[in-house]
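Read through the structure below, which is laid out as structure tokens, and then see the notes.
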């Protein structure tokens, strides 16, 4: 599926705002994404598999509560940078 | 003359010692680079030989919070940077070409993952970086918020927790549950004894100062004599708030530290700190963040006092910034404010933002929370501003340009 990448992570994707990744859950998609773009996962998910405080994941338009969220084959994954202050 | 020199060289074990001396002499004449970490990126300020004109290189990683940027003194070219952004998690970047190109650590400092249902710790930011001992050229140490110690054995590419510290059964009690300083409790001032790579010190805000003699396998508190007026029990063994701890490179038995509650000196093998801040003028007090030692004279140190009265404004006392210097190991202090603003200047200098070069006379540099860098090329006697309008400065580290 397609994963939409916000600008703070463009340094990992070579400037691309949409990339391909595969997986049946959000966690699997992020693992695949990290294999393609090393380091990207740890910037958005902490070492306890928690979503970082100012990051949101949307799967098929719905906000995901955790990495176990299933990702259907047709669903897009969107990574959003929420507001984080000045 | 030449004969005498060569005899001396033979006595000291030949080429290696004289090579080190040659490098030290070169550093005494070298151009200076200031490595500046700010809330919005990193900057490199480079001087001419006279240290009169400065050029600014940067910003690097504009928008990243750069808590520490350190040059490896062992190779003179490798830079390590502790960074995160408002959105993105903490990491370490490494440059092997003095900042031209950067590569992220493959395994940044992170706590072990705990079992489902347990609450594991999460690194919020990497706060402190220390190059390891000269005999271990690939070793680095990192201190994080919340307080933890990490080590890299491959030049900063991958980091592992120092289990002897991070898993110490007493650690939760050492750091307490007060939540630490406003922008997160920190592990800082990781010091490596130049005579013994297994002999380490570190400081925690809060938690206190700790020492290891076995390369980090075991640790003991080292806080005797240090005030902690925010702890209800008298003379606690730990829980203190050291802001910045330094060890003198020429006499590693001499330590100084600027604490939340005063300025202290410790001469090993003694284990009781002496509050040398008691000798500061009463109306200035002895509260501050940084302390800097002279690179060659163990009796000379500088502090930058801040206002720690009533609600703790943490600004320059009375709006009149000044550095205070001791030349007698803290017995007396002299105010050094020539060139600094004489009124209505309320900046703060954070614990990593005051530094000395290795020149003779020594150059001193500090960065302010208001984004200014001030320099003195005569050991604090006169100051001038060499950069303004930078972001909030976290750290300034002076290094020699090779």
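Condition test on residue B:326, is it farther than 22 Å from residue B:127 by Cβ, buried (at least 20 other Cβ atoms within 10 Å of the Cβ) and over 17 Å from the mean Cα position of the chain (by Cα)?
yes
Could you tell me whether the range B:235-242 includes any residue that is in contact (Cβ under 8 Å) with a residue 12 or more places away in the chain and part of a strand (DSSP E or B)?
Taking every residue of the range B:235-242 in turn, at least one turns out to be in contact (Cβ under 8 Å) with a residue 12 or more places away in the chain and part of a strand (DSSP E or B).
Name the residue that is nearest to the other protein chains (Cβ to nearest Cβ), counting only residues in the range A:10-58 that are within 18 Å of residue B:124 (Cα to Cα) and in a helix (DSSP H, G or I).
The residue in question is A:43.
Can you give me the number of residues within the range A:59-86 that are assigned to a loop (DSSP other than H, G, I, E, B), more than 8 Å from every other protein chain (Cβ to nearest Cβ) and either in contact with a helix residue (DSSP H, G or I) (Cβ under 9 Å, 6 or more places away or on another chain) or closer than 28 Å to residue B:158 by Cβ (or both)?
6
For the range B:288-359, list the strands (runs of 3 or more DSSP E) that sit wholly inside it and hold at least 3 residues that are in contact (Cβ under 8 Å) with a residue 40 or more places away in the chain and either touching a strand residue (DSSP E or B) at 6+ places or on another chain (Cβ under 8 Å) or under 15 Å from residue B:372 (Cβ atoms) (or both); which are they?
Fully inside the range B:288-359 and qualifying: B:288-293, B:301-305, B:323-326, B:354-356.
Go through (1) closer than 25 Å to residue B:130 by Cα; (2) in contact with a strand residue (DSSP E or B) (Cβ under 6 Å, 6 or more places away or on another chain); (3) at pLDDT 95 or above for residue B:401 and report which single condition fails.
Status for residue B:401: all satisfied but (3).
Being crowded, with 18+ Cβ neighbours inside 10 Å, touching a residue at least 24 places away in the same chain (Cβ under 8 Å) and within 19 Å of residue B:84 (Cα to Cα) narrows it down to one residue among A:55, A:80; which is it?
A:55
Here is a list of conditions, (1) under 22 Å from residue B:145 (Cβ atoms); (2) more than 11 Å from chain A (Cβ to nearest Cβ); (3) free of Cβ contacts under 8 Å to residues at least 24 places away in the same chain, and residue B:35 meets all of them except one; can you say which number that is?
Failing condition for residue B:35: (3).
Within the group B:239, B:262, which residue is closer than 12 Å to residue B:291 by Cα and touching a helix residue (DSSP H, G or I) at 6+ places or on another chain (Cβ under 8 Å)?
From the options B:239, B:262, the qualifying one is B:262.
Name every residue in the range B:73-90 that is in contact (Cβ under 8 Å) with a residue 60 or more places away in the chain and surrounded by fewer than 22 Cβ atoms within 10 Å (Cβ to Cβ), in order of residue number.
Within the range B:73-90, B:73, B:74, B:75, B:76, B:77, B:78 meet the criteria.
Among the listed residues B:226, B:245, identify the single one that is crowded, with 23+ Cβ neighbours inside 10 Å, in a loop (DSSP other than H, G, I, E, B) and in contact with a strand residue (DSSP E or B) (Cβ under 7 Å, 6 or more places away or on another chain).
Every option except B:226 fails the conditions.
Taking the range B:91-103, which residues are within 11 Å of chain A (Cβ to nearest Cβ) and surrounded by fewer than 20 Cβ atoms within 10 Å (Cβ to Cβ)?
B:102, B:103
When you go through (1) out of contact with any strand residue (DSSP E or B) (no Cβ under 9 Å at 6 or more places or on another chain); (2) under 18 Å from residue B:150 (Cβ atoms); (3) assigned to a helix (DSSP H, G or I) one by one for residue B:174, which number turns out not to apply?
Exception for residue B:174: condition (1).
Considering the range B:179-205 alone, what residues qualify as being under 12 Å from residue B:147 (Cβ atoms) and out of contact with any strand residue (DSSP E or B) (no Cβ under 7 Å at 6 or more places or on another chain)?
B:179, the sole residue that qualifies.
The values are calculated or read from the model by the stated rules, or taken from the named source; none is laboratory data. Worth saying up front: this structure is predicted, and the values here are computed from it rather than measured. All Cβ positions, glycine included, derive from the backbone under ideal geometry; neighbour counts span all protein chains shown.
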